[in-house]
């Protein structure tokens, strides 16, 4: 009180809840993920990718942030390959990416 610390100022108490001493089960990590890339324009681009593809994208992004690598990165559209095309890719430009989110899941 009045801006003066007492000898009890740093004390805290907690009561354990639930679990009966059992550790929380480890969450499984997925082999796929939804990658959502938010561009500087506000446009969000969503891709359903393998974790290898997501990690390759992150490696490219981090390398470019460190000053090496190409200015663009191609992401295959896989199941979004509508039409007579043999392949479709979406090219991400490093300096146009505001943020990205990875949501892992198992298939």
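Among the criteria (1) modelled with pLDDT of 95 or more; (2) surrounded by 12 or more Cβ atoms within 10 Å (Cβ to Cβ), the one residue 77 does not fulfil is (1). The set of residues from region 59-73 being under 22 Å from residue 41 (Cα atoms) and surrounded by 13 or more Cβ atoms within 10 Å (Cβ to Cβ) comprises 60, 61, 64, 72, 73. With respect to the conditions (1) at pLDDT 95 or above; (2) exposed (fewer than 14 other Cβ atoms within 10 Å of the Cβ), residue 94 lacks only one, and its number is (2).
Screening region 87-107 for residues that are assigned to a loop (DSSP other than H, G, I, E, B) and in contact (Cβ under 8 Å) with a residue 60 or more places away in the chain and picking the one that is nearest to the chain's Cα centre (by Cα) gives 106.
The values are calculated or read from the model by the stated rules, or taken from the named source; none is laboratory data. Bear in mind the structure is a predicted one, so any value in this text is a computation, not a measurement. Glycine gets a Cβ as well: all are built from the backbone with ideal geometry, and neighbour counts include every protein chain shown.
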